[in-house]
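Encoded as structure tokens, the structure appears first; notes follow it.
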Amino acid sequence: PSAAPQDPGRLDRILNGGLFAPSPSDSNSDTVLEAATLEGVAEYLRVKKPKQVICMVGAGLSTAAGIPDFRSPGSGLYHNLQRYDLECPEDIFRLSYFQGRPAAFYELARELWPGKKYRPTLSHQFIKLLHDKGLLLRCYTQNIDMLEHLTGLPEEKIVAAHGNFASAHTVDGKEVPVAELEKAIFAGTEACAELATKYGGLVKPDIVFFGEQLPRRFGELSRQDLPKCDLLLVMGTSLAVSPFCDLIAAAPKTCPRVLVNRVLAGIDYQQEGDEEIARVFGGFRFNSATQRDVFLPGDCDDTVAVLCRRKKKKKK
């Protein structure tokens, strides 16, 4: 079942709490943050007032929206897809499989189509708030669910690294009105086949399948944006997929980098840690004396709620 709609009043009360309230002027520090803690991040946001914040987000951002994981046994969506005899769940995003058996992907698309069942979470609204306050430079998302768009965040502020449902093409590159694809997917298999006949090939939304190039916009904007970043917020991603994970290394050395995730991810090769943790050249070094990198373990919504409510401690 889908998650219950978020209470707009609750979101407003949480997001517009102490975090963005007026505060005293900046204080001097030789380190990037006064402390590599949630309090240090809240202090940096209130006092430094960064204007070039970049958010990098993954599937963990949408967990509270109730979006099912098609890879997890026990979920209804996983069960429904098994009748297509997938050798592994990821086959659903392989062009070779899609071209032979498109019905599996179309069922997934029907479940995930933006605006039908799922609504933005508190964390999505937090990113929109950063934009409203004039702090957000860009949001880079691995998600195809378009929940960032549904908050009202302007299109130019979002980079969908793995594509999304905003546009559609045939497998050989012919543009197709996405409204036609949407209508066909919800009408059923026969309608999808008729659409393929009309345009001379199978039609899919512009979601990046395995082996396909990432959108050109991802490379162009990331090269422009990351050198300007003055706060990097990485939320709900394992940082296991390149080139998305490599973005964290492109931020300036004076830029705080904050990981909000259930588990460690994206640590530098010189950082001690479990060998199973995804590593990134130039990744997080949470034991650095510069107090630049911060790990905030837990669910994204819970952490965002605490961060926004945190009030600056009075100086003694």
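The values are calculated or read from the model by the stated rules, or taken from the named source; none is laboratory data. What you see is a predicted model; the values in this text were computed from it and never measured. Ideal geometry is used to build each Cβ from the backbone, glycine not excepted, and the neighbour counts take in all protein chains shown. Side chains included, ligands, DNA and RNA excluded: accessible areas come from the protein's heavy atoms. Shrake-Rupley method; radii C 1.70, N 1.55, O 1.52, S 1.80 Å.
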(message) Could you tell me the relative contact order of the stretch 235-305? Use alpha-carbon pairs under 8 Å, at least six residues apart, and round to a whole percent.
(response) 37 percent
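Take the alpha carbon gyration tensor of the stretch 211-266, find the square roots of its eigenvalues, order them as a ≥ b ≥ c, and report rounded if a/c is under 1.5; if not, report prolate when a/b exceeds b/c, else oblate.
Numbers: a/c = 2.48, a/b = 1.12, b/c = 2.22.
Taking the square roots of the gyration eigenvalues as a ≥ b ≥ c, the stretch 211-266 is oblate.
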(message) So if each residue of separation counts as 0.36 nm, and I subtract the Cα-Cα distance between Val263 and Arg309, what length gain in nm does that give?
(response) 14.3 nm
(message) Placing unit charges on C-beta atoms (Lys and Arg positive, Asp and Glu negative, everything else neutral), compute the dipole magnitude of the stretch 87-215 about its Cα centre in debye, rounded to 20.
(response) 380 debye
(message) Give me the one-decimal nm value for the distance between modelled label points at Ser167 and Leu221, 7 Å along each residue's Cα-to-Cβ direction.
(response) 1.2 nm
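Let me make sure I get this right: for the stretch 235-302, a, b and c are the square roots of the gyration tensor eigenvalues over alpha carbons, sorted descending. Under 1.5 in a/c it's rounded, otherwise prolate if a/b > b/c, else oblate. Which is it?
Here the stretch 235-302 falls in the rounded category.
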(message) For a 20 Å ceiling on Cα separation, which of these pairs sit above it: Lys133/Lys157; Lys117/Lys174; Lys128/Lys157; Lys128/Lys204; Lys116/Lys204; Lys157/Lys204?
(response) Lys117/Lys174; Lys128/Lys204; Lys157/Lys204
(message) So, taking all protein chains as they sit and a 1.4 Å probe, how much accessible area belongs to Leu108, in Å² rounded to tens?
(response) 0 Å²
(request) For the stretch 136-223, state which GluC sites (Glu not before Pro) are in a DSSP loop and have at most 16 other beta carbons lying within 10 Å of their beta carbon. (result) Glu212
(request) Report the antiparallel proportion of the DSSP beta bridges in the stretch 113-230 as a percent, rounded to a multiple of 5. (result) 65 percent
(message) I'd like the accessible area for Val178, computed on protein heavy atoms only with a 1.4 Å probe and all protein chains in place. Round to 10 Å², please.
(response) 40 Å²
